[in-house]
Every structure is written in C-alpha cells, then in structure tokens.
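What follows is a short report on a single structure.
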Amino acid sequence: MHAASLAALCPAVAETRMPFPDAYAPSARHRPPQPYLRPKGGSGRSAPRLSLSFTLPGDIRSAGIARTATKVALESHGLASYVWPVTYAVTELVSVTARMSPGRELYVILRHRDDAVRLLVWDQHPHHTAPDMAALCAVRRRRALWLLTAVVDDWGGEWGTCRAEQPQRGTKSWLVLPH
C-alpha cells in the first residue's frame, strides 16, 4: 500500500483520503461482491442487451471493482470483443474521477445498443465559479486521460466530458465504441 496518499487532481479540492469501505476490503475469508448480472430479454435479438449501472466509493481502488464488473458484464452478454478497450476505459475514468472528487460516490453506467458500447462515469466534482480555476481543472482532467484518447481513437470511438444537468451536480465522462 502507498505510504503517502494521492493528491486530488483538482487544485481546489483539499487532499483527502477516505478509508475504503470494509465491504470492499480484500481478505482471506471475504471476497469482494460479485456483480449479479441477469440479462434483460425481449429485444428480438439473439443476444440480450447490456444495461448495467452501479455506484462506487470515491477511491482509486474502486477502479478494480469497476473493471471486474465491466468485464463480467461484457462477457456474459456476448460482447467479448469489447472487453479490452472498455475495461481499460472504465479503469481510467474511475481512477481519474475518484481523484477529482475523493471521498464522494461515483456512478458507472454501461450499455450496449445500436451496435455500440456506451460507458458513462459520473462524479460529483463541483464546478468552479472562477473561470481560471474551472479551466485549470478541465485541463488537468483531460491531461490525466491522454492515453484513453489514444485508445478510443484507435477503436474508432469518441469520448468527452460534460457538466451534469440539473438537478444533478458534477461531471459526466462518456465514451462510445462502435462495433
């Protein structure tokens, strides 16, 4: 484990490190919870459509949980060709969003429709009223995700970030990868 805590990416967020919830702490007797994935039926296709959403603690170790849940969901829905890029993407997005708003919950939504996988990671990072601070914060987020940009471009997809609309708060990072 790290001797020093990781600093938040946002310059306005005080460096905090919330303890990782015991429910997710690995131990010899306790395994992390495995996602319960029941495919939804009825779309007329041979493979059921993927629709998964879950909440994670705002800790960079949540990236491993997101990666595992995403891998299992994609494989169980016959989308194994997406496993590498999407698990990479969810790992990067959860890691960065956890550092943007440490200690606050993150929301992950994974969907497959219109022959594309769609991933959304929503954090509760507040928007800054000072334009300079907002610009610096946005630049730090994009720089932290530079490798994600290369992967998504290589797979012919697109990604971006946007402000969450009211009544929600925070930032949504999204990704679309076509088949």
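Just a few scattered comments:
- Given (1) within 24 Å of Thr149 (Cβ to Cβ); (2) at pLDDT below 60; (3) among the hydrophobic types (A, V, I, L, M, F, W, C), number of the condition Leu37 does not satisfy: (1)
- Residues that are surrounded by 20 or more Cβ atoms within 10 Å (Cβ to Cβ) and under 23 Å from Ala144 (Cβ atoms) do not occur anywhere in segment 72-79.
- Any chance Trp122 is within 21 Å of Leu56 (Cα to Cα), in contact with a helix residue (DSSP H, G or I) (Cβ under 9 Å, 6 or more places away or on another chain) and among the aromatic types (Phe, Trp, Tyr): yes
- Leading residue by the ranking (farthest from Gly170 (Cα to Cα)) among those in segment 84-114 that are open to solvent by 20 Å² or more (accessible area, probe 1.4 Å) and either small (Gly, Ala, Ser) or in a helix (DSSP H, G or I) (or both): Trp84
- Conditions (1) surrounded by 11 or more Cβ atoms within 10 Å (Cβ to Cβ); (2) modelled with pLDDT under 90; number of the one not met by Glu158: (2)
The values are calculated or read from the model by the stated rules, or taken from the named source; none is laboratory data. As the structure is a computational prediction, the values presented were derived from the model and not from experiment. We place every Cβ from the backbone using ideal geometry, glycine too, and count neighbours over all the protein chains shown. Areas reflect the complete protein model, heavy atoms only, side chains present, ligands, DNA and RNA absent. Shrake-Rupley method; radii C 1.70, N 1.55, O 1.52, S 1.80 Å.
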